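Nothing in this text is a laboratory measurement; each read-out follows from the coordinates by a stated rule. Keep in mind that what you see is a predicted model, and the values were worked out from it rather than measured. Positions of Cβ are generated from backbone atoms using ideal geometry, with glycine treated the same way; all protein chains shown enter the neighbour counts.
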Amino acid sequence: MDDWGYYQARNIRGEIAQSTADQLQLAMATAPAPARPQYAAKIKEYQTIADDQERKKAANKADAEDDGTQYDKLNYHDDQFDLAESLGSIAISLFALTSLTQKRWLYFVALAPTFFCLLMGLSGLFGWHIHSDLIAKWLS
């Protein structure tokens, strides 16, 4: 659900209703006396709409901020999985090179990204707060 979109829509509705009430208020000042009760009724109606939209806008803002917090929390774990995937690709490539070249030292080099791949994957699965910005910057 796009709570920021609903917030903005409520803001627009409220501003239009408030603007209409203000225009009617100004028009009522120059209106003939018999028409003023009709103006007053419409002003009250639009002011009620504006107040209602303001109240609902506050609720939408709170929901949108909660959505942002949830998004950041989930994005943290998404970064962990992305990092695990990248490290896994590097490890597979290094193991393939090891297989082709038969170099023992390259096998041990390939174990480093394998370890960090497993660490970041398990961190994402179990909700551990391990997030290496250094590795992320190095890979990007």
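Sequence neighbours fewer than 8 away in the same chain don't count; with that in mind, list the aspartates and glutamates whose C-alpha is under 16 Å from K57.
Result set, ordered by chain and number: D2, D3, E15, E65, D66, D67.
Students often forget the sequence filter, so: which lysines lie under 24 Å Cα-Cα from K73 once same-chain residues fewer than 8 apart are removed?
Counting by Cα, and skipping residues close in sequence, K73 has these lysines nearby: K61, K137.
Counting Lys and Arg as +1 and Asp and Glu as -1, what is the net charge of the other residues whose Cβ lies under 13 Å from the Cβ of F95?
Net charge around F95: +2.
Charges only on Cβ, +1 for Lys and Arg, -1 for Asp and Glu: so what's the dipole of the chain about the Cα centre, in debye to the nearest 20?
120 debye
In sequence order, what are the phi-derived ³J(HN,Hα) couplings for segment 108-118 according to the Karplus relation 6.51 cos²θ - 1.76 cosθ + 1.60 with θ = phi - 60°, rounded to whole Hz, with x for glycine and proline?
Those phi angles translate into 5, 5, 5, 5, 4, x, 5, 4, 5, 4, 5 Hz.
Work the Kirkwood hydrodynamic radius out for segment 77-121: mean of 1/r over every pair of different alpha-carbon atoms, inverted, in Å.
10.4 Å
Averaged over every viewing direction, what's the projected area of the C-alpha convex hull for the chain? Give it in nm², one decimal, please.
Reported value for the Cα convex hull: 12.5 nm².
Taking only DSSP H segments of four or more residues, each worth -39500 (n - 2.57), what value at 222 nm results for the chain once the sum is divided by all its residues, to the nearest 500 deg cm²/dmol? Write out the running numbers ahead of the final one.
Values: 4 runs with 124 residues, N = 140.
Helices in the chain give a 222 nm mean residue ellipticity of -32000 deg cm²/dmol.
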